[in-house]
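Novice: This structure is in structure tokens; I'll ask about it shortly.
The values are calculated or read from the model by the stated rules, or taken from the named source; none is laboratory data. A quick note: this is a predicted structure, and the numbers were derived from the prediction, not measured. Cβ sites come from the backbone with ideal geometry, for glycine too, and all protein chains shown count toward neighbours. With ligands, DNA and RNA removed, areas are computed over all heavy atoms of the protein, side chains included. Shrake-Rupley method; radii C 1.70, N 1.55, O 1.52, S 1.80 Å.
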Protein chains: 6
Amino acid sequence: MSVVITNPPRVPGATLEAYSGIGVATAHEAQGRTGLLASTMRPIYAGAKAIGTAVTVSLPPCDNWMVHVAAEQCKPGDILVVSPTSPSDAGYFGELLASSLISRGVVGLVIEAGCRDVAELTKMGFPVWSRAVSAQGTVKETLGSVNVPLVCAGQLIQPGDLILADDDGVVVIPRLRADAVLVLSRQREVKEEGVRARLQTGELGLDIYGMREALAKKGLVYRDAGPG
Amino acid sequence: MSVVITNPPRVPGATLEAYSGIGVATAHEAQGRTGLLASTMRPIYAGAKAIGTAVTVSLPPCDNWMVHVAAEQCKPGDILVVSPTSPSDAGYFGELLASSLISRGVVGLVIEAGCRDVAELTKMGFPVWSRAVSAQGTVKETLGSVNVPLVCAGQLIQPGDLILADDDGVVVIPRLRADAVLVLSRQREVKEEGVRARLQTGELGLDIYGMREALAKKGLVYRDAGPG
Amino acid sequence: MSVVITNPPRVPGATLEAYSGIGVATAHEAQGRTGLLASTMRPIYAGAKAIGTAVTVSLPPCDNWMVHVAAEQCKPGDILVVSPTSPSDAGYFGELLASSLISRGVVGLVIEAGCRDVAELTKMGFPVWSRAVSAQGTVKETLGSVNVPLVCAGQLIQPGDLILADDDGVVVIPRLRADAVLVLSRQREVKEEGVRARLQTGELGLDIYGMREALAKKGLVYRDAGPG
Amino acid sequence: MSVVITNPPRVPGATLEAYSGIGVATAHEAQGRTGLLASTMRPIYAGAKAIGTAVTVSLPPCDNWMVHVAAEQCKPGDILVVSPTSPSDAGYFGELLASSLISRGVVGLVIEAGCRDVAELTKMGFPVWSRAVSAQGTVKETLGSVNVPLVCAGQLIQPGDLILADDDGVVVIPRLRADAVLVLSRQREVKEEGVRARLQTGELGLDIYGMREALAKKGLVYRDAGPG
Amino acid sequence: MSVVITNPPRVPGATLEAYSGIGVATAHEAQGRTGLLASTMRPIYAGAKAIGTAVTVSLPPCDNWMVHVAAEQCKPGDILVVSPTSPSDAGYFGELLASSLISRGVVGLVIEAGCRDVAELTKMGFPVWSRAVSAQGTVKETLGSVNVPLVCAGQLIQPGDLILADDDGVVVIPRLRADAVLVLSRQREVKEEGVRARLQTGELGLDIYGMREALAKKGLVYRDAGPG
Amino acid sequence: MSVVITNPPRVPGATLEAYSGIGVATAHEAQGRTGLLASTMRPIYAGAKAIGTAVTVSLPPCDNWMVHVAAEQCKPGDILVVSPTSPSDAGYFGELLASSLISRGVVGLVIEAGCRDVAELTKMGFPVWSRAVSAQGTVKETLGSVNVPLVCAGQLIQPGDLILADDDGVVVIPRLRADAVLVLSRQREVKEEGVRARLQTGELGLDIYGMREALAKKGLVYRDAGPG
């Protein structure tokens, strides 16, 4: 059955704002190395970055009708998350749809398929993470669903989940864990700041993390190369 | 048999000029969603754009001898379209060949293989669409053909056909359809302009395109998420 | 057995400096079209360039412990060359490790796997050639080896070998051949300069390289297209 | 957190038996074209077939420790469903583990990674669907989880769900829908039997399904080729 | 425009019969190493073999409506050749359609996409060459064309062309060249028979083909390994 | 420089015979999980198996001239190991060359490229491990080398090394380690036999390998699913 779920609960805006400055790699580590979408999902331009709440779209391959349906369900701060029901690299999304989404306050698109109008989207500053760039058109014939649980690029995404995306890829943080992961992300950042300062002065990770004993215990051997 | 066809009829320069401003996605749609090369064909730098007439080169894998032969057949406004007879990602093309082509007025290269000297080509502003970047050298041992019909990245290309290429990929427009597709592309642009303006004000595609009835007829159901 | 070889002989710094200005494509050609790593190895930003001596790291898949071990073995002018013992696209390397390497004078990383913190690495100007970008974390559980002979992206790399990397990819030049290949690379550049000048004036490669006779002998046929 | 959920509810054995004779393609269609794992999941031998209840295993890449943990949780009629937390083609599973699983009544393995001992597994008649065959060993260092919800090859699988696998691939049928999908699958089979008989006598799908009018309405044109 | 071309001229049945015993590799060599479809096109079972005349089907991705339309155009000795207008691995074809085609005398299917019911097709002895096996269903919504020129797996195929397919892949032989290529294929077979007999007695290709002089001229050097 | 090294030292025949019965997975484990070629290297028929000494062939892409040169260097018990200098899937090898190799006592082929005449090779029982099957022909124009160190499918192979290949893939065992790895392989087999017997009776790996304590220490938690 094709269904549109309206008004799913979302991670609140204050939490989204608080995530500003947290990178994908940090959040992924902070939530126990989970939630990262496949590395085939790449931004269409360098420096792309987005934080938002997922509006999910499950649609038939090579058919983008449901993206129009989903646009109506979008609110400021949302990120559209789109996955076809079978693999496809066609271009489901371009600048017209981006114009529509921008006017509704949507901050980005994550699509396990292709997008087009890359030059225009770049100019508009509308970030997209996709597995392909393709001008290949799609039809508007068959229904799908909006705001249902979705597997996108190997991860389960629920409507309202927090999506964080940057040059390193895309990570999903389940809605009810968003605050906890935020705390852990910040802790991680603070810790890394200290480590970074020490590394920059030439101190070694071997010493900062106290790895030497464990390495020796595992049997690591050092041997001089001798004369070349 | 290896053959070089000289002076094939080409899309006239006036038509090429008239295509300025038409994007790959638009032209592909305008000619009925046909002619798009595989999405594995990517520009070597962002913002690359070219409009020209195809000089086709069929050559043996890992052998770029025929590119030199093809250079002589090029005229101002041409785009070289190269495809090896079996798959290859070697680097058939670099800045020396680009220098030669530029001096003859060639405006770009489309190659279903690899190219190299990407930094130099970028500086020279010579756009290339390829499926790989590779410094791997090629030999000059075996003949191929120039200006014969060619399958490149999944599309049939005839010498003299119009090639349009930008950040979204590469589309071929058959020579005798170039004027008709131009008209349809412009109509499409005019129509899209009107739609864009409405979308930017927040009007929905659902309403602009009048989709609501069709969706309901197909059985689309709306359901409120209820309390989270 | 897991072993760290200390102080392997390296290509001397003077040779590294002398390579400045030589591109990957040129050096690859100069050493007889050998040594080029697979074209899947791409720079994380356009314009990346590095010349250095290889510190090799063989490590278990999805485990970056040995990168910390390797950092201690690095000297100014080195390039870290990392390959997991089975294929992996996880993110073994980020800006913290880059901070550490930079403080030791390391000039780049070549990794047949993934890296992360791409935005930060770009800002820091630390060039990385990898086959993937991924935020996926790795563990620190199992030993590997440092400065042992390594197959990376299809090429055998010995510690101390010269690594040259730019937008076209990565080439390895065996330590004891570095001076000879330098001479050959320069000869090639001088020769190409002459050819380039002639090509830019519109002279054809067919004539500069004297190819016409050989093409005719192989049986190349020219035929006019006739009326369209 | 790493957790092993014991005794999840499972599709009952009677239902499993009732599915005997239903193919993957039929069940996938019957449940509305959902639930099919990616086509990269291939059986290790032709004619492989399995029906069972999922015991899910989420494990770190290149580490098969949790498969041993999962073995203890298996009951007769189960199928082990394994997915690493980041992509991997190593060989997590061989004939020793198969011996263990067979002794517990397990009827097959679905793994989004590699398996080995293919010749022995074939002789034993233990069917495996994997995305790779590889002898590459794995370690036993890091925990994962058993019987948690799992994304495997693009589909969400819950412990206890019904897994159907044959030469066409693997489909998951959610536990609570297993009976309903069975009814629909049988209806489909009955209907197909009638159609098959008519097709075998030369009657056309065009007529059996009454497609001619719809095709004409869409504008399909017939034109004779004329003289060759 | 969607069009069905009826009764295209075909390679005559006598020629098809005469090709019996000619393999794909031989025919591909005999016509100058042209016409081979991409090596991604694999038979669904070992030992598959087919010789027939192409009925071509261009259809939208994930939509198999036109296969039903094409069935009506098939005559005994035909092979259906199917390619979607954008890349797809869904399962467009199964045993029901095979039943229909068999009843019309069709001898095989070549599809640049997926097929399903592999176990049944194997039992029926209906050979299929495809780039994927997938149970993923397709829709019946959008028109395509039958018996138009088609690019399939990188080769241009015209309706009525001769298609030869076996364990080595698929080759297309243009209709008007079928007789000439047959002669060349047989000559090749005769020649190879003689060579085979000599090779089996231990004579070397180096001597049979008289390669030694050419190798020496190119500068091949022999050097004894010396003591190990 | 192109060179043929004659009479490299080889693993002695007695050692080859002693390896009979040892599988690829076992030998790979026995030598510390090293030496396994990429899992893209697949046998052309199920049940293929070969043990032999490497004659290595480095050749230009899409050029099989050096295979003929290499044939002369082969002795009974050898396996030809072929790798082009840049990636290629063309068909370098077919039944004629197999006839030649068989007459010289060669027991198999490992090629990081394509082979053809798969049906005939299967009938002849000549096993081939390749990364593709392709009828695509190659030329005989450019030299390469025989019996030089070679990187094939990611592993360094020296002439005379032991090659073991079966359904699980291909492993190389350095010549001077062949006896030591044999001993370790047998020890491993003996140990596995004991484990297998216990597993078959239903005993768990958890207990046989004594894993429970380590798992608990790492923090593995068991939790009952509760009512469904």
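Novice: List the residue pairs whose Cβ atoms are under 7 Å apart, where the first residue sits in the range A:167-186 and is over 17 Å from A:Leu37 (Cβ atoms) and open to solvent by 20 Å² or more (accessible area, probe 1.4 Å), the second is of a type outside the set (S, T, N, Q) and part of a helix (DSSP H, G or I), and the two are 6 or more positions apart or on different chains.
Specialist: A:Leu184/A:Ala30
Novice: Next question, about the same structure. Just checking, does the range E:54-73 include any residue being open to solvent by 10 Å² or more (accessible area, probe 1.4 Å), β-branched (Val, Ile, Thr) and farther than 17 Å from E:Met124 by Cβ?
Specialist: No, the range E:54-73 contains no residue that is open to solvent by 10 Å² or more (accessible area, probe 1.4 Å), β-branched (Val, Ile, Thr) and farther than 17 Å from E:Met124 by Cβ.
Novice: Of the residues in the range F:25-44, how many are more than 9 Å from chain D (Cβ to nearest Cβ) and in contact with a His (Cβ under 8 Å, 6 or more places away or on another chain)?
Specialist: Residues meeting the conditions: 2.
Novice: Considering A:Val110, A:Val4, A:Val55, which residue is away from chain B (no Cβ under 14 Å) and either touching a residue at least 12 places away in the same chain (Cβ under 8 Å) or assigned to a loop (DSSP other than H, G, I, E, B) (or both)?
Specialist: The match here is A:Val110.
Novice: Another question, if that's okay. What is the number of the single condition among (1) within 23 Å of A:Val139 (Cβ to Cβ); (2) surrounded by fewer than 24 Cβ atoms within 10 Å (Cβ to Cβ) that E:Gly105 does not meet?
Specialist: Answer for E:Gly105: the failing condition is (1).
Novice: Considering only the range E:195-228, state which residues are in a helix (DSSP H, G or I) and either among the acidic types (Asp, Glu) or within 7 Å of another protein chain (Cβ to nearest Cβ) (or both).
Specialist: Across the range E:195-228, the qualifying residues are E:Val195, E:Arg196, E:Leu199, E:Gln200, E:Gly205, E:Leu206, E:Asp207, E:Glu213, E:Leu215, E:Lys218.
Novice: Related question: Identify, please: which residue in the range F:108-152 is within 26 Å of E:Gly210 (Cα to Cα) and among the basic types (Lys, Arg) and is, among those, most open to solvent (accessible area, probe 1.4 Å)?
Specialist: Per the criteria, the residue is F:Lys140.
Novice: So, one more: On the given criteria, is B:Val82 β-branched (Val, Ile, Thr) and surrounded by 24 or more Cβ atoms within 10 Å (Cβ to Cβ)?
Specialist: It is true that B:Val82 is β-branched (Val, Ile, Thr) and surrounded by 24 or more Cβ atoms within 10 Å (Cβ to Cβ).
Novice: On to the next question. I'd like the full set of residues that are among the aliphatic types (A, V, I, L, M), open to solvent by 10 Å² or more (accessible area, probe 1.4 Å) and either away from chain F (no Cβ under 11 Å) or closer than 16 Å to D:Trp129 by Cβ (or both), limited to the range D:85-99.
Specialist: D:Leu97
Novice: Here's something else I'd like to know. Would the range F:206-220 turn up any residue that is open to solvent by less than 10 Å² (accessible area, probe 1.4 Å) and either among the hydroxyl-bearing types (Ser, Thr, Tyr) or in contact with a Ser or Thr (Cβ under 8 Å, 6 or more places away or on another chain) (or both)?
Specialist: No, the range F:206-220 contains no residue that is open to solvent by less than 10 Å² (accessible area, probe 1.4 Å) and either among the hydroxyl-bearing types (Ser, Thr, Tyr) or in contact with a Ser or Thr (Cβ under 8 Å, 6 or more places away or on another chain) (or both).
Novice: Suppose the filter is within 14 Å of chain E (Cβ to nearest Cβ), in contact with a Ser or Thr (Cβ under 9 Å, 6 or more places away or on another chain) and β-branched (Val, Ile, Thr); does D:Val146 pass it?
Specialist: no
Novice: Working carefully through the options C:Glu203, C:Glu192, C:Glu213, find the one that is farther than 21 Å from B:Ala98 by Cα and among the acidic types (Asp, Glu).
Specialist: After ruling out the rest, the residue left standing is C:Glu213.
Novice: Give the range F:9-37 a look and list any residue that's touching a strand residue (DSSP E or B) at 6+ places or on another chain (Cβ under 8 Å) and part of a loop (DSSP other than H, G, I, E, B), or say none.
Specialist: Once the filter is applied, which keeps residues that are touching a strand residue (DSSP E or B) at 6+ places or on another chain (Cβ under 8 Å) and part of a loop (DSSP other than H, G, I, E, B), the range F:9-37 yields F:Arg10, F:Val11, F:Tyr19, F:Ser20, F:Ile22, F:Gly23, F:Gln31, F:Gly35, F:Leu37.
Novice: Of the numbered conditions (1) within 16 Å of the chain's Cα centre (by Cα); (2) facing another protein chain (nearest Cβ under 10 Å); (3) of a type outside the set (Val, Ile, Thr), C:Asp117 fails exactly one; give the number of that condition.
Specialist: Condition (1) is where C:Asp117 drops out.
Novice: Which numbered condition in (1) within 14 Å of chain C (Cβ to nearest Cβ); (2) more than 12 Å from the chain's Cα centre (by Cα) is the only one that B:Val128 fails?
Specialist: So B:Val128 meets the others, but not (2).
Novice: Does the range E:1-22 hold any residues that are closer than 16 Å to E:Leu164 by Cβ and open to solvent by less than 20 Å² (accessible area, probe 1.4 Å), and which are they?
Specialist: Residues satisfying the conditions are E:Val11, E:Thr15, E:Tyr19, E:Ile22.
Novice: Can we say A:Pro61 is assigned to a loop (DSSP other than H, G, I, E, B) and farther than 23 Å from B:Leu204 by Cβ?
Specialist: yes
Novice: Tell me, which residue of the range D:123-143 that is without any contact (Cβ under 8 Å) to a residue 40 or more places away in the chain and part of a loop (DSSP other than H, G, I, E, B) is nearest to D:Ser58 (Cα to Cα)?
Specialist: Among residues in the range D:123-143 that are without any contact (Cβ under 8 Å) to a residue 40 or more places away in the chain and part of a loop (DSSP other than H, G, I, E, B), the one nearest to D:Ser58 (Cα to Cα) is D:Phe126.
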